[in-house]
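The values are calculated or read from the model by the stated rules, or taken from the named source; none is laboratory data. Remember, it's a predicted structure, so these values are computed and weren't measured experimentally. Heads up, the Cβs are rebuilt from the backbone with ideal geometry, glycines too, and the neighbour counts pull from every protein chain shown. Heavy atoms of the whole protein, side chains included, go into the accessibility calculation; ligands, DNA and RNA do not. Shrake-Rupley method; radii C 1.70, N 1.55, O 1.52, S 1.80 Å.
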Amino acid sequence: MILPSILASAHAAVKAACPPGSIAVDGTIGNGHDTLFLAECVGPTGHVYGFDIQQAAIERTHARLQQAGRRERVTLFHTSHHLLAEQLPEDTRGHVRAFMFNLGYLPHGDEQVITQPHTTLHALEAATSWMATGGILSVALYTGHPGGEEEARAVIDWARSLPAHAYQVMWQQTINRNQAPSLLLIEKKHVKKRGDGLS
Ligand SMILES: C[S@@+](CC[C@H](N)C(=O)[O-])C[C@H]1O[C@@H](n2cnc3c(N)ncnc32)[C@H](O)[C@@H]1O
């Protein structure tokens, strides 16, 4: 396949935004795959903060990180991502180079526990004010489970409303397959001030 999967696109954008030493946040750690990916990106001098509401996700992510020798690079919060502003250290505000959200349910877990539009939108709104300029917010959207379609629509509507002078928003979706997952990528732009020469 020449065209990138949504996972490949998310990882490429996050890696580009997140050099060693960066701060990154996984809003939905689940089985810990993205958390480990972020821990590799930020390297030994960076740090990752991860959120999940399920104990099983915390345990699986802890085990994955431990096995990879990356546990010390990550702080795990067993709480909802909509509370991120209360959990992240204050000095990380405006310095988070990458946020990853992978919505839906925990694979190989309880499929009734899903991300919800209200808390997801609250978390995404908070994430935009914790992002660094030049930072990336990636959101993987799934529509194959009950409630997924509504949540995806709400998130895309929210992203469309972000001001174009401050954010670049892209949406990747396979359009010839039913209920294909899609990816939203949001980059926080350098806002041009009079005379600063940035574009
Ligand atoms: C699709 S999974 C994430 C998969 C993960 N990215 C991975 O690499 O394995 C979605 C996760 O979101 C979690 N979740 C649901 N509501 C949440 C909330 N309000 N705050 C944080 N996590 C939540 C679920 O418990 C589930 O583990």
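Details
- Accessible surface ranking for 73, 160, 1.4 angstrom probe, highest first: 160, 73.
- Surface accessible to a 1.4 Å probe, residue 91 within the full protein complex, Å²: 120 Å²
- Calculated over the range 2-121: convex hull of Cα atoms, volume per residue (Å³): 118 Å³
- Ellipticity estimate at 222 nm from DSSP helix runs (n ≥ 4, -39,500 (n - 2.57)) divided over the chain, nearest 500: -10000 deg cm²/dmol
- Cα gyration tensor, the range 1-62 - rounded (a/c under 1.5), prolate or oblate: oblate
- Inter-part distance, the range 114-166 to the range 1-80, computed on C-alpha centroids, equals 18 Å.
- Taken one residue at a time, the phi angles of the range 90-105 give Karplus couplings (6.51, -1.76, 1.60, θ = phi - 60°) of 4, 6, 8, 4, x, 10, 7, 7, 8, 10, 10, 10, 10, 7, x, 10 Hz. Gly and Pro are set to x.
- Aspartates and glutamates with Cα under 19 Å of residue 189, excluding same-chain neighbours fewer than 8 positions away: 125
- For the peptides 40-48, 144-152, the ranking by packing is 40-48, 144-152, with the highest mean count of neighbouring Cβ atoms within 10 Å listed first.
- Rounded to 5, the percent of DSSP beta bridges in the chain classed as antiparallel: 45 percent
- Normalised by the number of residues in the chain, the mean separation of alpha-carbon contacts (under 8 Å, six or more apart) gives a relative contact order of 19 percent.
- More than 23 angstrom apart: percent of Cα pairs within the range 90-186: 26 percent
- Summarising the amide proton neighbourhood of residue 49: residues at separation of 5 or more, or on other chains, whose placed amide H is nearer than 5 Å comprise 24, 25, 26, 75.
- Over the chain, accessible surface divided per residue gives 52 Å², non-protein components excluded, 1.4 Å probe.
- Sulfur and carbon atoms: percent of accessible area, the chain [1.4 Å]: 54 percent
- The relative contact order of the range 29-72, computed from alpha carbon pairs under 8 Å that lie at least 6 residues apart in sequence, is 52 percent.
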